[in-house]
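Contents: one structure, followed by commentary.
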Amino acid sequence: MKLLEIILLYLAALLVVVVGLAVFQRRKTHLNNVGFSLLCFSMAGWAFGIAAFLGAPSDEAALIWAKVYYLFPIVIAIGLTIFTTSFPDKKRVVWLAVVPALVGGIILALTLLIQRDFLTATIVEHDWGREVLLTTSHYLIYSVYLLLFYGLALVVMYRKSLHEKGIFANQARLFFCGFLVTFIFGVGCNLLLPWFGNYRLIWLGPLFLAVFAVIIAYSI
């Protein structure tokens with residue numbers, strides 16, 4: 001079963017990279033395309049990191065990959081903020097939202113990479129696979145950051161689905177509905193369940209995000 005999960009994650013990562021490149025090549029100067037491409041590449045990195053974690057040959061290697069896959073949701077938050085605040089204008093973003101996402105994300109990412117025991121304390125092996133023992137206080141800070149900016153993306157696109165006209169309203173509505181479903185399953189499987197020590201479903205979140213990315217890319 002673990003092999004199937006790993007293969008699915010690698011395929012999801014490849015698919016999302018292709019989608020991100022396609023959108024970026026289409027209009028490189030549009031900020032919402034840049035934001036969406038950043039979103040896609042970070043989703044791919046997240047999926048790849050989880051796959052590498054599941055298949056790592058040692059606990060030490062698994063801990064390194066755990067750092068990687070906890071890093072990319074931070075980048076996802078930044079990409080989401082750029083994309084949603086620049087949609088559909090394409091040339092401007094709401095810096096009041098983007099700057100805190102960038103500054104907070106950079107601080108979190110650097111702390112995660114530099115401080116060995118930040119967030120990820122150690123690896124525990126079970127009959128069903130690996131579990132990362134999380135540092136509770138660090139995980140709370142990390143979770144608040146992600147929920148804040150993921151939630152902001154939902155609110156922004158919901159408001160735009162009400163106030164935009166024509167195709168832009170339809171795109172905003174599709175983004176909101178697609179990301180709401182992805183948010184529920186992704187946060188549930190990859191943020192909330194690990195909080196309670198359940199690591200068995202961490203491979204599911206990136207699969208939902210991959211489907212979401214393809215749908216939104218098509219609408220773009």
Exercise. Kindly list, by first and then second residue, each pair from a residue in region 81-100 that is over 9 Å from G35 (Cα atoms) and open to solvent by 30 Å² or more (accessible area, probe 1.4 Å) to a residue that is modelled with pLDDT of 90 or more and not β-branched (V, I, T), limited to pairs with Cβ atoms under 9 Å and residues at least 6 apart or on different chains.
Key: P100/L148; P100/F149
Exercise. Please identify the pairs in which a residue from region 108-136 that is farther than 18 Å from G55 by Cα has its Cβ atom under 7 Å from the Cβ atom of a residue that is of a type in the set (V, I, T) and surrounded by 18 or more Cβ atoms within 10 Å (Cβ to Cβ), counting only partners at least 6 apart or on another chain.
Key: L108/I74; A109/I74; L134/T120
Exercise. Would you be able to tell me the number of residues in region 156-171 that are of a type in the set (A, V, I, L, M) and surrounded by 12 or more Cβ atoms within 10 Å (Cβ to Cβ)?
Key: 3
Quiz item: Does L209 satisfy the criteria of being in a helix (DSSP H, G or I), farther than 30 Å from A62 by Cβ and not β-branched (V, I, T)?
Solution: no
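The values are calculated or read from the model by the stated rules, or taken from the named source; none is laboratory data. For clarity, every value in this text was computed on a predicted model and none was experimentally measured. Counting neighbours? That spans all protein chains shown, and the Cβs are built from the backbone with ideal geometry, glycine included. We work out accessible area using only protein heavy atoms, side chains counted, and drop any ligands, DNA or RNA first. Shrake-Rupley method; radii C 1.70, N 1.55, O 1.52, S 1.80 Å.
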